[in-house]
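A short write-up of the structure that comes next.
Each reported figure results from applying straightforward, stated rules to the coordinates on display, with no laboratory input. Small disclaimer: the values here were computed from a predicted structure and weren't measured. Note that we place each Cβ from the backbone using ideal geometry, even for glycine, and neighbour counts take in every protein chain shown.
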Amino acid sequence: MKAGILALVITAMLLAGPVSAQQNNDGNDETFQTVFGNEPGAVGGYLSLGLGNTIIDDNNAFTGQFRLAARLGHSLSIGFAGTGFSDRLYGLNYDRPGLTSEGYFIEGGYGGIMFEPVFAPRFPVHFSFPVLIGAGGIALTEDRNNDDWDDWNDWEDWDYDSDNNVLESDAFLVIEPGVELEFNLARFMRLGAGISYRFTSGITLEGRSDYMMNGLSGNVNLKFGIF
């Protein structure tokens, strides 16, 4: 009799472990179940801010970048991205005397939909492959000369008067594929460094069409979000 009771207790204890584990698993499945999978954290998103350098019309230009994306699973993000550019840090351009003899700057921006496959995202160092598809605009600008300091120092005149004059501008379509090396710095932060190449439609300035926006870019960015 005692042997039977002991066997029954041992059997109950052996069965209790799997049942308890199954209940915990079921609870997790119910909590995290999504259309993209049952794994915790299968859906997330991030905001990214970055700085970089690009080549425009054989000139260097400074860039600022942002991305806002949703992460579907651990290996794909879809969202919006935008980039602004200016070559003011590198000085004036003088290769268009027909447009201006005083020199000009190249400035503008572009943005659109971004797709970003990620390879081996669970590793602390891995690769991502962002692709931007969108549109943008470019402008050739100059600073208006004003030698009258009193006009600039008139604190009673609250009307804003920009000193930036647009000489010519045009719009373009753009596709920009890239590759980035990412570092998982923390659970909610990643550091990325990469290169991309920008392909655009023809840009018409000074009556001629060319592909001055086609060029290589490099950037460094920080991502904050749920990965």
Legend entry - Extent along principal axes [Cα atoms of the range 63-125; Å; largest to smallest]: 54, 23, 13
Inset, instruction - Name the long-range amide H neighbours of residue 56: under 5 Å, sequence gap of 5 or more, or other chain; modelled H, no Pro or chain starts. - result: 61
Legend entry - Pairwise label distance in nanometres, residue 167 with residue 199, each label 7 Å out on the Cα-Cβ vector: 3.1
Legend entry - Rounded to whole Hz, the Karplus (6.51, -1.76, 1.60) HN-Hα couplings of the range 43-53, x for glycine and proline: 10, x, x, 7, 10, 10, 10, x, 10, x, 9
Legend entry - Cα Rg, Dmax, the range 38-97, angstrom units: 17.6, 63
Inset, instruction - Two decimals is fine: what is log10 I(q)/I(0) at q = 0.10 Å⁻¹ for the range 39-226, from a Debye sum with one equal scatterer on every Cα and no solvent? - result: -0.50
Inset, instruction - Subtract the Cα-Cα distance of residue 89 and residue 120 from 0.36 nm times their separation in residues, and report this length gain in nm to one decimal. - result: 7.4 nm
Inset, instruction - Output ³J(HN,Hα) for the range 166-174: one whole-Hz value per residue in order, computed from phi by the Karplus curve 6.51 cos²θ - 1.76 cosθ + 1.60 with θ = phi - 60°, and x for Gly and Pro. - result: 7, 7, 8, 8, 7, 9, 8, 9, 9
Legend entry - ³J(HN,Hα), Karplus 6.51/-1.76/1.60, whole Hz, each residue of the range 67-81, x for Gly, Pro: 9, 9, 9, 9, 9, 10, x, 8, 10, 8, 10, 9, x, 10, 9
Inset, instruction - Mind jotting down the distance between the C-alpha centroids of the range 68-94 and the range 161-188, whole Å? - result: 4
Inset, instruction - Tell me which residues come under 5 Å, amide H to amide H, from residue 127 once H is placed; ignore anything under 5 positions away on its chain. - result: 119, 182
Inset, instruction - Take the Cα coordinates of the range 179-227, assign each an equal point scatterer, and use the Debye formula without solvent to give log10 I(q)/I(0) at q = 0.16, 0.17 Å⁻¹. - result: -0.59, -0.62
